[in-house]
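Peer 1: First the structure, which I've put down as structure tokens, then a few questions once you've had a look.
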Amino acid sequence: LMAWPRSQATVTYNLDASQSKFMAHANRSGLLWFKGHSHHLAASEFTGQVQLTPDTITPASLHLVVKAASLHETGADFTEQQKQIINKELKDIVFHPDQYPDITFQSTNVTAKNSGAGRYDVRIDGDLTLNGVTKRITIPAVVTLQGDNLRAAGGFSIDRDDFKVKATSAFHGMVRVDNNVKFEFDIVGRR
């Protein structure tokens, strides 16, 4: 195997899901007994890869795949029984994981500014695919490099109408989702 010159070679970091989190937050706009509570959904299954260039970060890319079926309610306001109902409605009405198993993000452009001590302010442009709909979004993130570890933390919001995400009207109409859904991630990768 040839050894590639390291000067401009990108380094690949694979996401460690056990050390990472991916969350979706929807503000309270609910009905019935979920009224007055915001939803805080966590994904338990996701994979990803970050490629970046040492010292400059860019050129860089991010690929993230979240298993829609793994998003589950973590809000402290709900009992276990309520969480089970919410999780069922998330599958049946909101995310349809049987039809659209993956929520994916693929970067198309990354810009980075060194803010010192291995920290970089990064803007990631890319395509988010949710419920079979793909839209271009921009994600601001902070990337920290330490030894063989990478940490990237950031967030973005979507208007769920853009992605045909329903606020549940079927079944009990109990789980209502605000029009604006905020996603946040704090991911750890290892090279």
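Peer 1: Please go through (1) exposed (fewer than 15 other Cβ atoms within 10 Å of the Cβ); (2) among the acidic types (D, E); (3) modelled with pLDDT of 90 or more for D102 and return the number of the only condition it doesn't satisfy.
Peer 2: It is condition (1) that D102 fails.
Peer 1: Right, something else. Inside segment 64-90, can you point out the residues that are open to solvent by less than 60 Å² (accessible area, probe 1.4 Å) and more than 17 Å from the chain's Cα centre (by Cα)?
Peer 2: G75, F78, Q82, K83, I85, I86, N87, E89
Peer 1: Under 9 Å between Cβ atoms, at least 6 apart or on separate chains: pull out the pairs that start in segment 104-132 with a residue that is under 16 Å from L145 (Cβ atoms) and end on any residue that is basic (K, R).
Peer 2: Taking only residues 6 or more apart or on different chains, the pairs are V110/R123; A112/R123; K113/R123; Y120/K113; D121/K113; V122/K113.
Peer 1: Sticking with this one: Just to be sure I understand, how many residues within segment 6-45 are modelled with pLDDT of 95 or more and touching a helix residue (DSSP H, G or I) at 6+ places or on another chain (Cβ under 8 Å)?
Peer 2: The total comes to 3.
Peer 1: Within segment 114-169, which strands (runs of 3 or more DSSP E) (wholly inside it) include 2 or more residues that are at pLDDT 95 or above and more than 25 Å from V11 (Cα to Cα)? Walk me through how you get there before you give the answer.
Peer 2: Numbers: elements: 119-130, 133-146, 149-159.
Because the criterion is at least 2 residues that are at pLDDT 95 or above and more than 25 Å from V11 (Cα to Cα), the strands (runs of 3 or more DSSP E) in segment 114-169 that meet it are 133-146.
Peer 1: Could you check how many residues of segment 176-191 are open to solvent by less than 10 Å² (accessible area, probe 1.4 Å) and either of a type outside the set (A, V, I, L, M, F, W, C) or at pLDDT below 65 (or both)?
Peer 2: 1
Peer 1: I need the full set of residues from segment 134-162 which are of a type in the set (A, V, I, L, M) and either open to solvent by 80 Å² or more (accessible area, probe 1.4 Å) or within 19 Å of K182 (Cβ to Cβ) (or both), in order please. Reasoning before the result, please.
Peer 2: Initially, segment 134-162 is screened for residues of a type in the set (A, V, I, L, M), giving 137, 139, 141-143, 145, 150, 152-153, 158.
Those that are of a type in the set (A, V, I, L, M) and either open to solvent by 80 Å² or more (accessible area, probe 1.4 Å) or within 19 Å of K182 (Cβ to Cβ) (or both): I137, I139, A141, V142, A152, A153, I158.
Peer 1: Moving on to the next point. So in segment 39-63, with the set limited to residues that are within 17 Å of D186 (Cβ to Cβ) and of a type in the set (A, V, I, L, M, F, W, C), which one is surrounded by the fewest Cβ atoms within 10 Å (Cβ to Cβ)?
Peer 2: Among those residues, the one meeting the criterion is A42.
Peer 1: Of all strands (runs of 3 or more DSSP E) completely enclosed by segment 15-106, which ones contain at least 2 residues that are over 17 Å from A152 (Cα atoms)? I'd like the intermediate steps shown before the answer.
Peer 2: Details: elements: 21-26, 39-43, 46-53, 57-67, 71-73.
Passing ranges, in order: 21-26, 39-43, 71-73.
The values are calculated or read from the model by the stated rules, or taken from the named source; none is laboratory data. Remember, it's a predicted structure, so these values are computed and weren't measured experimentally. Glycine gets a Cβ as well: all are built from the backbone with ideal geometry, and neighbour counts include every protein chain shown. The accessibility values were calculated without ligands, DNA or RNA, using every heavy atom of the protein model including side chains. Shrake-Rupley method; radii C 1.70, N 1.55, O 1.52, S 1.80 Å.
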